[in-house]
Structures are given as C-alpha cells and as structure tokens.
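Worksheet: the structure to be examined is printed underneath.
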Amino acid sequence: HVSLIDIIDQDQGLEVTVSIFADDLELAVKNEFGSGHLDILEVNKYEEEKVWVRKYVDKHLKLSVSDELLELKFLGYHLEYGKCIIKLEGTIRSDQEISINSTLLLNEFTDQKNLVRFNINGQEESYLLDHSRREIKLKF
C-alpha cells in the first residue's frame, strides 16, 4: 500500500497534494471515527464526506515550520482513477526548517508506505515514510 504526498513551494507558501486510494481512505476514516455511512466515491455526498476526509488528514498529516505546527488550509478533494486527490495549502517564509510527519493509513496496513516528494526552490527530493520512519526534516 502506497500513498503519495507532493509538497511544492509557491509564492509565500506551500501547495500540498495527497493522493490515496479512495477505498483505503474510506476504510481508515471509518475505523478512525466510526462513520459507518461514509461513501467517498459518492459524488452527491461530497459536502458531507469532505468533513470526514479533512478530519482524518488533519490528524494524520502534520507539517511544522521551525518547530511550530503549520496550519494547512483544506481546499477540498476530487476523485481520479480510484484515488482521492486532496488539496491543501499553507503559508511559509523562505530559509526555515520544515518537517513533515505522516501517519496516513499506518493504522490500517502493516505494509503502508507514504512517499513524500518535495519540490522546493526548484530542487526535488523524495522520501519514504512508513512505520519505522514517520517524520523528515528539510531546510526550506
């Protein structure tokens, strides 16, 4: 099981895109919050379901800047080929240390891997987070 987290620097901020298989995310949200009627694939329930998706991502994806938790604005999600593509953004200044802590789907799957791809100042770096390594730090 693999999910993808893309972090791209923008003018005075970060654009964060999380890509998770919709059925895996649905299972995780149901297990986490007991929301038995959740159906992420049901487009007509988007407004109701996005509350649960946001709660789950807020709990399991943390970005910090210089040891202070970065508030990520939830922009929404859409479905694409069975995946849930979640969009977030946050404000950051240059020359700061950024850390990312991801526990996405780790409670559901022992083989879960979260691939984090940074594209900051034109430089690309990738890291693999899992049960043994949940956090990375970079200079922004």
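The values are calculated or read from the model by the stated rules, or taken from the named source; none is laboratory data. Everything quoted here is computed from the prediction, not taken from an experiment. Ideal geometry is used to build each Cβ from the backbone, glycine not excepted, and the neighbour counts take in all protein chains shown. Protein only, heavy atoms only, side chains kept; ligands, DNA and RNA dropped before computing areas. Shrake-Rupley method; radii C 1.70, N 1.55, O 1.52, S 1.80 Å.
Couple of notes before you dig in:
Residue by residue, here is whether (1) in contact with a His (Cβ under 8 Å, 6 or more places away or on another chain); (2) at negative phi; (3) surrounded by 13 or more Cβ atoms within 10 Å (Cβ to Cβ) holds:
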| residue | (1), (2), (3) |
| --- | --- |
| 58 | no, yes, yes |
| 65 | no, yes, yes |
| 73 | no, yes, no |
| 82 | no, no, no |
| 92 | no, yes, yes |
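- Set side by side, the residues 94, 102, 66 differ, and just one is modelled with pLDDT of 90 or more and of a type in the set (S, T, N, Q), which is 102.
- Taken together, the criteria place residue 117 among residues that are touching a Leu at 6+ places or on another chain (Cβ under 8 Å) and either open to solvent by 80 Å² or more (accessible area, probe 1.4 Å) or over 19 Å from residue 19 (Cα atoms) (or both).
- Hits in region 10-32 (condition: open to solvent by less than 60 Å² (accessible area, probe 1.4 Å) and at pLDDT below 85): 13
- Residue ID - modelled with the highest pLDDT, chosen from residues in region 120-139 that are in contact with an Asp or Glu (Cβ under 8 Å, 6 or more places away or on another chain) and within 11 Å of residue 100 (Cβ to Cβ): 129
- Region 1-20 residues that are in contact (Cβ under 8 Å) with a residue 12 or more places away in the chain, paired with ones that are hydroxyl-bearing (Ser, Thr, Tyr) and in a loop (DSSP other than H, G, I, E, B) (beta carbon under 8 Å, 6 or more apart): none
- When 58, 111, 9, 24 are screened for being of a type outside the set (A, V, I, L, M) and part of a loop (DSSP other than H, G, I, E, B), only 111 passes.
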